[in-house]
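Novice: Starting off with a structure, shown below.
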Amino acid sequence: MIELPRLLPRSFALRAALAAAGIVLAVCMLGFGFGYVRAQAALEQQIDLAVRAEAESFITDFEAHGVAGLLEAVAMHARRQSGTRVMLQTLGGQQRAGSVPGAPPALRGYATLHPPQGGSWRAIGAVLPGGLNLIVAANLAATDRTAAALAGTLPVAGAVAGIAALALGFLTARRLEHRLRGVRAAAEEVMAGDLTRRLPSAGTGDEFDQLTATINTMLARIEDLVRDLRQVTDNIAHDLRSPLSRLRQKLEAAQAAARNPAADAQTLAEASAELDAVLATFASLLRIARAEAGLRTTAPTLLDLSALATGMAETFTAVAEEQGQHLLASITPGLSLKGDAALLRQALANLIENAMLHGGPGVTIRLGLSQLNGTTHLQVADNGPGIPPEEFSKVTRRFYRLDRSRSTPGTGLGLALVAAVAQLHGATLLLSDAAPGLSVTLVFPPGA
């Protein structure tokens, strides 16, 4: 159970609840005070209308029947013992008929009377022809009782509202503390090395669940990055060990043998080739890392993608023919986008080289550039052996190679670089079965 003194100093929700309760109570008191004043004014207005109407009825009797008729009407009113009092007096204060407690002489208009014997009356006075003063008054006892009841009820209602706000805030603080405890526990497990741990969700779809979903997506991305980093580290150690071991063996053998200029020159040439392959691997890794980090070789500019694809097709057509292969291009002219020309050229070269390397003799490679529904499609397809569909999600990883391709030259970084370049340009990389062969398409969004 959460103790209030322990929770109060550090719980934002409870502090907010206390502040809200105070504000609610203050607003209620102000509102209730304003309502009390308005209600009392409304009650007095109703009484003023009532005494005014009664006074006008007596004035009508006076106008119709004179002083005698007025005296008779006042006497009849006194016998009825209604909630109002009527008095007829001279301007000097001499009583002629009826009575009104605490009535002053020559009263004109409205006045609140407070007689010595207690209570309060709301009165209206009118001076009649002949020196008579007509006073009609109503007892304010009922009004005072209503106002007193209202004045006692409103603060109680305000206190109840404040207590309700405080209770709601405390319950909210407890629930928030419970949810945050689960988040804190999960975060500690992640920091301890369990990257598969995810933050708990209440399943309500509220702001906390939305934040939890975002953080869980971030944790999944971190898990993928760490896994990729481990994979890359293992693959680098595995793939670079062999060429470096061969290089060391060649150099040790050459060092132990008698000096022979021709043999030494061949050994140095082979060593240089091994080192070039290692450096090319590291260069590819660096290009992939820079592309995934959003770092371009040059600032993005508006480039003619049709011209770039046409130039690449012309370059590789002759190379393909020398190897007994065919490269066919279908390029829509005038297509452009904003991007990094060097990286796009490298990505397209990787796709064509992969098709030539793994397609085998006589393979036909199709390079296409078109526009569909506002999107730009850059496609390289071949009719070679292709890739099993279950491998599509794996071949874009660094150093990943199919079993049948392990005997062929390469580092397994070609499609990884293509995926990184696609991500940098906001494009979607699609792999599909060309039946036979493989089709790889970069789909650039409208406005790219």
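Novice: Restricting to the stretch 171-210, give me the number of residues that are touching a helix residue (DSSP H, G or I) at 6+ places or on another chain (Cβ under 7 Å) and basic (Lys, Arg).
Specialist: Residues that pass the stated criteria total 3.
Novice: Wholly within the stretch 62-141, which strands (runs of 3 or more DSSP E) include no fewer than the required count, namely at least 2 residues that are in contact (Cβ under 8 Å) with a residue 60 or more places away in the chain?
Specialist: 121-128, 132-139
The rows are residues; the columns are (1) surrounded by fewer than 19 Cβ atoms within 10 Å (Cβ to Cβ); (2) of a type outside the set (Gly, Ala, Ser); (3) assigned by TED's automatic domain parsing to the domain that holds GLY368.
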{"position": "VAL319", "(1), (2), (3)": "yes, yes, yes"}
{"position": "GLN325", "(1), (2), (3)": "no, yes, yes"}
{"position": "SER330", "(1), (2), (3)": "yes, no, yes"}
{"position": "LEU344", "(1), (2), (3)": "no, yes, yes"}
{"position": "LEU351", "(1), (2), (3)": "no, yes, yes"}
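One line per residue, one yes/no per condition, for (1) surrounded by 15 or more Cβ atoms within 10 Å (Cβ to Cβ); (2) over 30 Å from GLY368 (Cβ atoms); (3) among the acidic types (Asp, Glu); (4) at pLDDT 75 or above:
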site: ARG227; (1), (2), (3), (4): no, yes, no, no
site: ALA271; (1), (2), (3), (4): yes, yes, no, yes
site: VAL278; (1), (2), (3), (4): yes, yes, no, no
site: THR301; (1), (2), (3), (4): no, no, no, yes
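Novice: Right, another one. Among the candidates THR217, THR196, THR212, THR233, single out the residue that is assigned to a helix (DSSP H, G or I), under 26 Å from THR396 (Cβ atoms), modelled with pLDDT of 75 or more and of a type in the set (S, T, N, Q). Even if it seems obvious, please write down each step before you answer.
Specialist: Values: THR196 fails: assigned to a helix (DSSP H, G or I); THR212 fails: under 26 Å from THR396 (Cβ atoms); THR233 fails: modelled with pLDDT of 75 or more.
The unique qualifying residue is THR217.
Novice: Of the numbered conditions (1) loosely packed, with under 13 Cβ neighbours inside 10 Å; (2) closer than 30 Å to ARG15 by Cα; (3) basic (Lys, Arg), ARG145 fails exactly one; give the number of that condition.
Specialist: That leaves (2) as the condition not met.
Novice: Are any residues in the stretch 328-342 touching a helix residue (DSSP H, G or I) at 6+ places or on another chain (Cβ under 8 Å) and farther than 11 Å from PRO300 by Cβ, and if so, which ones?
Specialist: ALA329, ILE331, THR332, PRO333, GLY334, LEU335, SER336
Novice: Next question, about the same structure. Being at pLDDT 85 or above and over 15 Å from VAL440 (Cβ atoms): is that true of THR375 here? Let's see the steps before the verdict.
Specialist: Details: at pLDDT 85 or above: yes; over 15 Å from VAL440 (Cβ atoms): yes.
When the stated conditions are applied, THR375 passes them.
Novice: Just a yes or no: is a residue in the stretch 154-173 of a type outside the set (Lys, Arg), outside any helix (DSSP H, G or I) and under 27 Å from PHE34 (Cα atoms)?
Specialist: no
Novice: Still on this structure: Please determine, by comparing only the residues of the stretch 9-31 that are modelled with pLDDT under 70 and of a type in the set (A, V, I, L, M, F, W, C), which one is farthest from ALA161 (Cα to Cα). Before you say what the answer is, go through the steps one by one.
Specialist: Filtering the stretch 9-31 for residues modelled with pLDDT under 70 gives 9-14, 16-17.
Still in the list and also of a type in the set (A, V, I, L, M, F, W, C): 12-14, 16-17.
Details: PHE12: 21, ALA13: 18, LEU14: 16, ALA16: 15, ALA17: 12 Å.
Here the residue is PHE12.
Novice: Of the residues in the stretch 328-378, how many are polar (S, T, N, Q), within 13 Å of THR310 (Cα to Cα) and within 42 Å of the chain's Cα centre (by Cα)?
Specialist: Selection size over the stretch 328-378: 3.
The values are calculated or read from the model by the stated rules, or taken from the named source; none is laboratory data. None of these values were measured; they are calculated from a predicted model. Don't worry about glycine lacking a Cβ; one is built from the backbone with ideal geometry, like all the others, and counts go over all protein chains shown.
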